[in-house]
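In what follows, a single structure is set out as structure tokens and then discussed.
A short reminder: the numbers here are calculations on the coordinates, not readings from a lab. A quick note: this is a predicted structure, and the numbers were derived from the prediction, not measured. Every residue, glycine among them, receives a Cβ derived from its backbone with ideal geometry; neighbour counts consider all protein chains shown.
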Amino acid sequence: MPSHRHLRRLDSVWIEHPVYFLTLCTAGRRPALANDAAVAILRAEFEAAPSRYGWSVGRFVAMPDHLHFFCVSGETPSASSLARFMAGFKQWTAKGILRATGLGPPFWQKEFFDHVLRSDEATSPSGSMFERTQSEQGS
């Protein structure tokens, strides 16, 4: 199998209150997110993210084998780094989804993709996903 080079995370982000667009893939790209139990577990962890990690999660899309979502750090002294937030999020959701579905581990791929939205992306109609999501997620 060919070896893949992994993208480095930025050491510093110079945008004030950056909005991140994240993509996580299931291990082996198996279609483990295409069920109501998995989506309910994802929603519950997104709702717990501000108190658990200091991150708020906006609009998300769960595809059968991957997940996209927008998030922003609360930027408080107790807020986790993006890497710690993702490690905790992946751990809690994996445990819950594996338990609910009876699948075997691992659940998530080790890596995740992150993109920092430029300020014009975050405020454009197509990029304002974060602001509109909080009320829309409940429906």
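Of note:
- Residues residue 72 and residue 99, FRET efficiency given R0 of 30 Å [Cβ-Cβ distance, rounded to 0.05]: 0.55
- Rounded to whole Hz, the Karplus (6.51, -1.76, 1.60) HN-Hα couplings of region 54-62, x for glycine and proline: x, 10, 10, 10, x, 4, 9, 10, 9
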